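Contents: one structure, followed by commentary.
The values are calculated or read from the model by the stated rules, or taken from the named source; none is laboratory data. From a predicted model like this one, the values you see are computed outputs, not experimental measurements. So basically every Cβ, Gly included, is an ideal-geometry build from the backbone, and we count neighbours across all protein chains shown.
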Amino acid sequence: MKNIISLICGTVFGIGLATSGMTNPAKVLGFLDVFGAWDPTLAFVMGGALLVSAFGALLVRGRERPWFADNFSIPTRRDLDPALIAGASVFGVGWGLVGLCPGPALANIGRGNVEILVFVAAMIAGVFAYRLIARVRALRTPKKPIGY
Amino acid sequence: METTFTPIAGLVGGGLIGLAATMLLLFNGKIAGISGILGSIFFTDNSDRVWRLMFLLGLPLGAAFGAWLTSDALGFEIARNPFLLIVAGALVGIGTQLGHGCTSGHGVCGMARGSHRSIIATVTFMVTAGVTVYVMRHLMGGA
C-alpha cells in the first residue's frame, strides 16, 4: 500500500510540475531573473503548493501516526548550522545556472532530451558522492545515524 | 528565452504539488522533498528504498501526463553547453545534500510547517540563484 501511495504521490507531483510550467527551465530562470524579463509564475506555484500543504500540516498536527505507516518522519532540527547555509547557497548557484532543481530535472527524464540526461547524471553523481562520504564518515565515528 | 506569466496554471499546478506532499505525509508519514527521497536511496534497506523509487518513478510519468494535458503549451527550453549542465547538476546534487533539502523539501514542505531552518534555506538558495542568473545574463551577457 505504502509503495502504491508513493507512486500516486510522485505522479500527482509530476503532473503539478508540468501543468505549472516548472518543467521548463526557461520559465524558472525567468522567475530568477528579477532584473530582466521577469516571469513571476514560480511564486504562484510555490504559493499554491504552500497553501495546500499548510492545510496538510494542520491535518497532520495532533495525529499520532499516518494512515499507512507507523510514524511520521519529520525533521526535528531547529538550529541553524553552517552546512544548511552553505548547502543552500551551493544548490542555489546550480539552480540558477540552468534553471533545474531536483524535482523538475527528474520529471523531465522521459523527454528523451540529452541535456536533461547529462544534468541528471551529474546531479545523481553529486548526490551519491556526498552520501558516500557521509557514510564513510559515519562508519568511522559510530555515534549518530545518518539520513533524514 | 522570454516566457509568459501564467498565474492560473501556476496556482493549479502548485496546488497539485501541495496535494501530493500532503498525501505523502498524511498517508505514509514522509516529507515530499525530492533531494531527500533521492539521496536516501543509496544507503538504506530495501523496505525503505522501494517507496522512494516508486515516488521518483511517478515524477516523469506525471510530467508526461501533465505535458499531454496542457499540449506542452508551457514549453521546454534548456541550456545546451554540456560543461554548464555538468557543473550545475553536480552543484545541485551536492548542495541539496549538504543543505538537507531543495525547492520541495525546504521551499514547500518545510515552509508549510513553519520550519525556521527551511525558511532560511529557501531565502538563501533564492538569493544565490537570483545572483547567479543576474551574473550570467546581465554581467556576462550570455546563457
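Structural remarks
- Close pairs (6 angstrom Cβ cut-off, 6 or more residues apart or separate chains): free of Cβ contacts under 8 Å to residues at least 60 places away in the same chain and farther than 14 Å from residue A:53 by Cβ in the stretch A:10-21, part of a helix (DSSP H, G or I) and charged (D, E, K, R) anywhere: A:21/A:27
- Some residue of the stretch A:39-58 being touching a residue at least 60 places away in the same chain (Cβ under 8 Å), outside any helix (DSSP H, G or I), within 7 Å of chain B (Cβ to nearest Cβ) and of a type outside the set (A, V, I, L, M): no
- Assessment of the stretch B:50-71 against the conditions (within 7 Å of chain A (Cβ to nearest Cβ) and among the hydroxyl-bearing types (Ser, Thr, Tyr)) yields at least one matching residue.
- Of the residues in the stretch A:25-32, at least one is touching a residue at least 24 places away in the same chain (Cβ under 8 Å), surrounded by 24 or more Cβ atoms within 10 Å (Cβ to Cβ) and either more than 7 Å from every other protein chain (Cβ to nearest Cβ) or of a type in the set (Asp, Glu) (or both).
- Some residue of the stretch B:110-120 being touching a residue at least 12 places away in the same chain (Cβ under 8 Å) and in contact with a Cys (Cβ under 9 Å, 6 or more places away or on another chain): yes
Matching residues to (1) of a type outside the set (A, V, I, L, M); (2) within 21 Å of residue B:21 (Cα to Cα):
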site	(1), (2)
B:94	no, no
B:113	yes, yes
B:118	yes, yes
B:132	yes, no
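- Count of the stretch A:67-107 residues, restricted to those that are assigned to a loop (DSSP other than H, G, I, E, B), touching a Phe, Trp or Tyr at 6+ places or on another chain (Cβ under 6 Å) and without any contact (Cβ under 8 Å) to a residue 24 or more places away in the chain, is 1.
- Output for the stretch A:118-148, where each listed residue is at pLDDT 90 or above and more than 9 Å from every other protein chain (Cβ to nearest Cβ): A:133, A:136, A:137
- Some residue of the stretch A:51-60 being within 26 Å of residue B:80 (Cα to Cα), out of contact with any His (no Cβ under 9 Å at 6 or more places or on another chain) and surrounded by fewer than 24 Cβ atoms within 10 Å (Cβ to Cβ): no
- Considering B:86, B:119, B:94, B:37, the condition of being farther than 25 Å from residue A:41 by Cα, more than 7 Å from chain A (Cβ to nearest Cβ) and of a type in the set (A, V, I, L, M, F, W, C) is satisfied by B:37 alone.
- Each residue in the stretch B:53-84 was checked for being more than 16 Å from residue B:9 (Cα to Cα) and of a type in the set (Val, Ile, Thr), and 1 of them qualify.
- Candidates B:91, B:74: the one that is modelled with pLDDT under 95, surrounded by 24 or more Cβ atoms within 10 Å (Cβ to Cβ) and either over 27 Å from residue B:5 (Cβ atoms) or out of contact with any Pro (no Cβ under 7 Å at 6 or more places or on another chain) (or both) is B:74.
- For residue B:142, the criteria (1) small (Gly, Ala, Ser); (2) surrounded by fewer than 19 Cβ atoms within 10 Å (Cβ to Cβ); (3) modelled with pLDDT of 95 or more hold in every case but one, which is (3).
- Boolean, residue B:105 is more than 7 Å from chain A (Cβ to nearest Cβ), within 19 Å of residue A:127 (Cβ to Cβ), in a helix (DSSP H, G or I) and in contact with a helix residue (DSSP H, G or I) (Cβ under 9 Å, 6 or more places away or on another chain): yes
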